[in-house]
Each structure stands twice: as C-alpha cells, then as structure tokens.
Amino acid sequence: MNLLDMVTTDARPVIEVQGVYKSFKTVQAVKGVDMRIAKGQFVALLGPNGAGKTTLVEMIEGIQKPDRGEIFIMGKKWKGNEDELHRVIGLSLQETRFIDKLTVWETLRLFASFYQRDQKRVSEIIEIVGLEEKRKSYVVNLSGGQRQRLALGIALLNNPKILLLDEPTTGLDPNARREIWSILLTLKQQAQTSLILTTHYMEEAEQLCEYIIIIDKGKILKEGTVTQLLNEDQGEKIIEFVLEDTHQVQDNRHINFPFQIHWDAKNEKGSIAFTQVESELPQFLNFIKEQKLRIKNLECRRKTLDDLFTSMTGRRLHE
Amino acid sequence: MNKVIHQEQLFQLILAHFKETIREPGVIFWGIIFPILMSLGLGIAFTKKADVVRNVAVIEHTFIIQASNPSSSRIETFLNNYSTKIEPIGDEGICYRFTVKDEKLGNTTFFFRKTSWQKAMVLLKRGNLSVVIDEKNSQIEYHFDPLNPDAQLTYLKLSKIMERSEVLPAERNENIEPLTVSGTRYIDFLIPGLIAMGIMMSCLWGMSYGIIEKRTKKLLRRMVATPMKKSHFLIALMVVRIIMNFIESALLFIFAYFVFDITIQGNIPALFAIFLAGNIAFAGIAIFISSHTANTEIGNGLINAVVLPMMVLSGIFFSYHNFPDWSIPYIQKLPLTLLADGIRSVFIEGAGYAEISFATFLLTAIGILFFSSGLKIFKWH
C-alpha cells in the first residue's frame, strides 16, 4: 500500500514518476520506475552504489531527460516550465564544489540573487545550517561536513516545496552526519517541504524518512514505511556469530548446518535469520556444542533494512 | 521590476567572478608582472647593442706555406700584423682576435681559428662558425652557405676588411644616420604586440579554463538548476575579463611609458574601439573552445592549439612579413594579427578610426560568431 493512499487531503502528488527508463552508452541505469510523492512527505531512495538512484533523482531535477516515461512536478512537465520549477525545487548534487575563493556568505549571496532573495534570507540560512562562525571563511577552507551544510543551505535558500538531496552525508563522519540530520528533521516538523533523499545508509533512511524505496539495478525492489518493510517478516531476529578458530569453520564448511547461514567471508562472520529466536537459538547452540566448535562472539539483534536488502539480493548495501 | 531583479543577478555574478579572479595570486603574476618582465627583458635585449661575435675558420696548409714564402700569404700577414693572438686552450688550434669598432652599428669582433678542412666542416655543422676562409694563389676564398643571411653578413664585413689594402680598426660610417624618431624602435613594435597577446592569453586561459573547471566541479550543473539566466553567467565572465584586460594592458603601457618612452601617436578612442573588439573576439573564441569539454587536459590542448599558431604567425615578436608571400593575406586575417596590427597602427603609425575600422568590424564579427555558436552547443550539465 502506498502511503499516499492514506493521505486524504491534497490528493495530487507533488512528484509523480511514471514508467521511467534511462540508458547510457553501456548501462541501463533506470528500468521502469513508478513513484508518487505527497506534499510534506520525506522519502528515501535506498540502494547500493550504481543502483540508479542518482540518475533517477537527476531526471526529477530536470538535469537528465528520461528515454521513456513521464515525470510531473506539481503536475507539470519540465519542458517549457523550467523557470517555474527551478523556483520551487531546492537540490544538492552529489559532491558539488563551489567557487574556492568565495566566502560562505558570498556564495550564498550569489545563489540568493538567482532566487531574488535578499541578505536577510542569507543570514537566516547561515543560522539554519549553523555556519555562523564560518561566514567569512573561503569555501576551500571548509571541512567536508561544513561544505555539505553549505550545499544544503543553498538548496534551502528559496524555501523549496521540493527538496532533492543526492547522498548528502556520504563520506561524512557520524557527528557531521547527525548535524545534517538535525537540520532536516527541523524542516520535517514544518511539514511544508517534500524530500527525496538518496542514500546507501539504512540508518539515514530510517531516521529521516517515513517512506523508503529500496532500489537496485535500476528497479524498485520494495517500498513502504520502515514498519511495513520489516514487519512483513513477522519480527525476524538476526543472530550473528564469530567462531573461536576460523580454520575450524573453513574445515567444517561441509558440515550441514541445520539453518540457512549467510557467510560474510571477509569478516569471518556468520548470520542466521530466526523467526522464533526463543526456540531456535538453543537448537543452534546445541549444534555448535555437538560439533565441538567454540563461539567467540554472539549477537542477537532486530532485523534491519540492510538484512532485508541482503535477503532479496544476496549483497549488502555497502558492497 | 523584472529588469531590476535581473540586474541584481548580473551584478552579483560579476562581483562573485571578479572576487574569484583577483583572489588568485597567480593572476597578479601572470597577468601583470609577467608581461612587464617580458617587455623589460626583450626591450633591453634589443635596444642595447652588445658586441657581435663572428667566428671564422682559417684553413691551415702547414706543408705548402712552409715550403713557399709564408710572408706572401695575405691571411697570414693580416693575422700577424693586425690581430691579437690567443694562446690555444686544449686541442683547439691557434686563434686570433680582431675587433672593428663602430659607434653607430655596434662593435664586431672576429675570431679566426686555424684548423683543418675536416675540422672546419664539423664546426660549421655544429653552428660554431659560419664562414671558412682559405687562400689559393694569393686569392682569398670564402666558403659559406649562401642561404644563411648571417653567413652572408659575416662574408660582407670580412671581405671589406680583407680586400682593403689598409686595415682600419674602426669604421667611420659617415653616411649612416641612425633613426631616433619615436615609433621606429623594436620596443615600439613589441609593446602593442604584447598587449594584443595579453588579451588573447588572458581570455583563453582565464575564461576557457575557468569554464571547463566549473564544469568539472559540477558547479555549472548546480548553477543552471536555479532560475539563473545562462546568458548572464557568460556575460559576467566576459565583463570581468575585459576589466582585467584593461587593467593589465594599462599597467603594461604605463610601465613602457616610463621605462621606454612609449607614446600613443594615434587616436585614443579608436584604440579603445580596437581593444574592445579584440576582447569580444577572444572572449567569443574562449566560450566556443570551452563549450563542450569537461576535461581540463583536453581543454589545455584546445587552448594551445589556438594560441600557439597565432603566437608564431601573428607577428607579436617579429614581423610576419618574413613568411612566404602567399601566406601573408591569411596571416593578416588571424584574430591576433588583426588585433596586434590594429593596436600597433594606433600606437606607432598614428592611426584613427578609419584605419582600424575594418579590423574592429572583423574582430567583433568573429567574436559574435564564436559566442553564438558556442552558446548553441554549450554543455551546462
């Protein structure tokens, strides 16, 4: 069920993507995507690198043209409405670098002039993204997190109805990432802006967005709210274990574990999904004891979006 | 209202680009100091005449000369009586020095090196000397490449000394009157050329490279995802470039005015017209060159492909009239030639609007043509 169906007021979606395809010389980046996003909705496009997230977002941004299919922004197509749509959209591209030798204030002032915003708005934005102390610093001297906050600030200059952020926190440390999240959560409370955010961090998708679209190889694999996505599997739990002697594991690979195990060869870690952890975990431990194996580490946790992705594709989001 | 908004946008773009340009320390060096240093170096090198050195090989016939009467050799007589003998260093043969003093044409020093024919040929091939002299039956023979103007000059000067019965250590040259009218010196020729070259270089490197870099950084893509007017972006680049070129040219002129007494003999508004037209031409070319590529190395190649041929052909450092006759009409239509000749004609020939109108028109047309076709194929994403 699409979340949109539950929204009764303002039924027309802010963004509508219908059967969109896009190919480049050697790759089919997007292979038939449909999407509808309502006013004020925060949506995450979650998927590994190369899933087609950026291509999809750039088509919504009007930077790329779909080979097939239609995209409507506020009910309008890009062709012929560029100026109007540019005024309602705020965006940040993956890794834009601004003019090195302009200060934060000057950069915002320049972009503000494109939207006919004045210096007051520039000051407001500097406050919103927390760059007060850096307003006179050259862009080239900003840290990665500060640059991303500047990019976000530029995206917010025009009070956009639609915000499109392409991997806004990739490559940032956890603190810098949280700073971006808190800016976006404040924005979410105001409920005036719809957001599409691409990410390969499941925490980011879960923290910020009520609706998540999992995308891989140019297609939507699954979509829904976090609860919808994870509850379908009836509260599965994941146990992860590391054995004392890794050689033993390698030697004993031929032993048939009575469970379906996902081996992470790099980290020498095994993981099993249990639907009834209370009864299945003792069985697992008994089996380990019978095989005279020793456990070095054992963890039990709830199922995550990453696990969901792995169960559908056999790969992890970060691979 | 709309107009005011767009003016604000354009103003902010110009301001941002101007700050970006002047905050780069390299701009000050390459745009201002380097052309001044170049004019200083070349100006001094070509205005103060140093002694000209001419190397000549004298073929040694040890056997014959010893057998016959050595005093009958004219070359030997000249070397022994008028030249200074220099003791040989290492395995080099005996050398003689003879200097002709000349206040008007500059001093010329001849070095005569005694050597075998084979050795002389080796030295000739290496470019160490250009004339070989020998003596047969009391006649001096001169061996040199008739196509080499330097060798010809050496021959003329040398034969004048050798054929004269009496050797004068100084030339009087009473019939030579050096020109001191302003505008006829090499530096007068050079400075307008340097100004023209500066405009070309700064447009192509400053604008093209800047645009390509912004495309690589995805900044162009980000900027056109706003309601920014695309033409404003390019106009801002051009305006800043013209302002910078004006400052750079003015400083070079002021320097040349004080150091080399360069003056502008023609019409100053006409000079502005040709200057502006040159800027439009090269800004247009710069936008055309940078319209497509996102790779700074390809950009480098493209810029060099435009800049280098014109540097060589357009008569910046030396007159293009030395090129073959058939090529001159083409060379004269090159943008850099049009601009350099135009500026030069105002500086040293006293030209006005009439003389530069064709070049101004052609340069403006070139600029508009390249700008509009560049804009058509311009890749913003």
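Bear in mind these aren't lab numbers, they're just calculated from the coordinates by the rules spelled out. Because the structure is a prediction, the values reported are computed rather than measured. Ideal geometry is used to build each Cβ from the backbone, glycine not excepted, and the neighbour counts take in all protein chains shown.
Among the listed pairs A:K101/A:K219; A:K161/B:K229; A:K39/B:K379; A:K53/A:K266, give every one whose C-alpha distance is greater than 30 Å. Write out the running numbers ahead of the final one.
On the way: A:K101/A:K219 41 Å; A:K161/B:K229 21 Å; A:K39/B:K379 33 Å; A:K53/A:K266 27 Å.
Over 30 Å Cα-Cα: A:K101/A:K219; A:K39/B:K379.
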Checklist entry - Taking 0.36 nm per residue of separation and subtracting the Cα-Cα distance, what length does fully extending A:E95 through A:F287 add? => result 64.2 nm
Checklist entry - Comparing B:I199, B:I287, B:I368, which has the greatest mean-square fluctuation in the GNM of chain B with Cα pairs linked when under 10 Å apart? => result B:I368
Item to check | Charge sum, other residues only, whose C-beta stays under 12 Å from A:I288's C-beta, Lys/Arg counted +1 and Asp/Glu -1 | outcome: +2
Checklist entry - Between A:I261 and B:I33, how many nm apart are label points set 7 Å from Cα along the C-beta direction? => result 6.9 nm
Checklist outcome for this item: Label model pair B:M162, B:E8: point-to-point distance (7 angstrom along the Cα→beta-carbon line) in nm is 8.5 nm
Checklist entry - What's the angle, to the nearest 10 degrees (0 to 90), between helix B:34-47's Cα axis and the longest principal axis of chain B? => result 30 degrees
Checklist entry - Separation between the A:S182 and A:T225 pseudo-spin-labels, each 7 Å from Cα along Cα→Cβ, expressed in nm? => result 2.7 nm
Checklist entry - Over region A:73-118, how many percent of alpha carbon pairs lie in each 10 Å bin up to the one with the longest distance? => result 21, 42, 30, 7
Checklist entry - Among the aspartates and glutamates, which fall within straight-line cross-link reach of A:K79, defined as a Cα-Cα distance under 20 Å, with same-chain neighbours fewer than 8 residues apart omitted? => result A:E16, A:D34, A:E58, A:E61, A:D67, A:E70
Checklist outcome for this item: Inter-part gap, Cα centre of region A:131-209 to Cα centre of region B:302-381, in whole angstrom, is 50 Å
Next on the checklist: Let's test the formula: R0 of 56 Å, r as the Cβ-Cβ distance of B:L308 and A:E132. What FRET efficiency results, to the nearest 0.05?
Outcome noted: 0.70
Checklist entry - In what order do B:M200, B:M223 fall by count of nearby beta-carbon atoms within 10 Å, going from fewest to most? => result B:M223, B:M200
Checklist entry - To the nearest 500 deg cm²/dmol, what mean residue ellipticity at 222 nm is calculated for the protein assembly as shown from DSSP H runs of n ≥ 4 alone, each contributing -39,500 (n - 2.57), summed and divided by the residues? => result -14500 deg cm²/dmol
Checklist entry - Which helices count as membrane-span-like in chain A under these terms: full DSSP H, at least 20 Å along the axis by C-alpha, Kyte-Doolittle mean of 0.5 or more? => result none
Next on the checklist: If the reach is capped at under 14 angstrom between alpha carbons, list the aspartates and glutamates near B:K230, excluding any in the same chain fewer than eight residues apart.
Outcome noted: A:E82, A:D83
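What is the local net charge at B:D134, summed over the other residues whose Cβ is closer than 15 Å to its Cβ (Lys, Arg +1; Asp, Glu -1)? Before the final figure, lay out the partial values.
Details: positive: B:R74, B:R113, B:K114, B:K119, B:K136; negative: B:E60, B:E76, B:E135, B:E141.
It works out to a net charge of +1.
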Checklist entry - If r is the Cβ-Cβ distance from B:Y82 to B:F272 and R0 is 56 Å, what FRET efficiency results, to the nearest 0.05? => result 0.45
Checklist outcome for this item: Diffing region A:131-139: the Karplus 3J(HN,Hα) column from phi (6.51, -1.76, 1.60, θ = phi - 60°), in whole Hz with x for Gly and Pro, holds 10, 3, 6, 9, 4, 9, 7, 5, 4
Next on the checklist: Between 0 and 90 degrees, rounded to the nearest ten: what's the tilt of helix B:230-260 against the longest Cα principal axis of chain B?
Outcome noted: 30 degrees
Checklist entry - Mind listing which trypsin sites (Lys or Arg not before Pro) in region A:127-193 are in a DSSP loop and have 16 or fewer other Cβ atoms within 10 Å? => result A:R135, A:K136
